[in-house]
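The values are calculated or read from the model by the stated rules, or taken from the named source; none is laboratory data. The shown structure was predicted, so the numbers you read here are calculated from the model rather than taken from an experiment. Heads up, the Cβs are rebuilt from the backbone with ideal geometry, glycines too, and the neighbour counts pull from every protein chain shown.
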């Protein structure tokens, strides 16, 4: 399945309109404080790899960072869109320090559920689609003191049309963790898993898999 950026925008817009039209009184029934959107920033570490027809792929560490907003739908339930920069890819058996770097601008749109507790520490879970737009694709390797790095577009030129990269990636994302509310500030500690559904290259069965741990601060 291939989706253009305009299709993605349409999907996100349709979801938002459906939520607003479904029951406007739902949000009004919440306490005033609970109706306020929450905003914040997150940063963390990715442990990424590639699955499918990939030989001897292993995990590659990278950074992830961005922002989120949470719009309450009901008590403890919110729609949480995020905007993240995510460094992904994998180490590959193409010489010492060989690997593939895949960087994405990702837009997860998650349904977030917080578990009520009697303290200011709350567990949460969230799930939903993640729309990724590739910003970098690079293959590198070294052997015998020599090293080389090539863009995926150059690899496609040398390897044929089957290695043409896909700039759009659709994943499913699951998050879980804890929030700590103190003096109007929310601290977040969590983890996530993203399961790619689209291939990184055309005509190649290669998909993204990413585990992340992150911390955040918001209001």
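Please verify whether the range 156-164 includes one or more residues that are buried (at least 19 other Cβ atoms within 10 Å of the Cβ), touching a residue at least 24 places away in the same chain (Cβ under 8 Å), farther than 19 Å from residue 69 by Cβ and over 11 Å from the mean Cα position of the chain (by Cα). Within the range 156-164 (the criterion being buried (at least 19 other Cβ atoms within 10 Å of the Cβ), touching a residue at least 24 places away in the same chain (Cβ under 8 Å), farther than 19 Å from residue 69 by Cβ and over 11 Å from the mean Cα position of the chain (by Cα)), the answer is yes, since at least one residue qualifies. Just one of the numbered conditions (1) modelled with pLDDT of 95 or more; (2) over 25 Å from residue 157 (Cβ atoms) is not true of residue 132: (2).
Within the range 117-145, the set of residues being more than 26 Å from the chain's Cα centre (by Cα), in contact (Cβ under 8 Å) with a residue 60 or more places away in the chain and either surrounded by 16 or more Cβ atoms within 10 Å (Cβ to Cβ) or closer than 21 Å to residue 100 by Cα (or both) is empty. Cβ-Cβ distances below 8 Å connect the following pairs, each with a first residue in the range 165-191 that is modelled with pLDDT under 95, a second residue that is surrounded by 14 or more Cβ atoms within 10 Å (Cβ to Cβ) and not in a strand (DSSP E or B), and a separation of six or more residues or different chains: 165/152; 165/156; 165/200; 166/198; 166/199; 166/200. Being surrounded by 14 or more Cβ atoms within 10 Å (Cβ to Cβ) and over 16 Å from residue 90 (Cα atoms) is a description that does not apply to residue 219. A single entry from 210, 148, 200 fulfils the requirement of being more than 30 Å from residue 39 (Cβ to Cβ), out of contact with any helix residue (DSSP H, G or I) (no Cβ under 6 Å at 6 or more places or on another chain) and buried (at least 16 other Cβ atoms within 10 Å of the Cβ): 200.
The residues in the range 146-155 that are over 26 Å from the mean Cα position of the chain (by Cα), assigned to a strand (DSSP E or B) and free of Cβ contacts under 8 Å to residues at least 12 places away in the same chain can be counted, and the count is 2.
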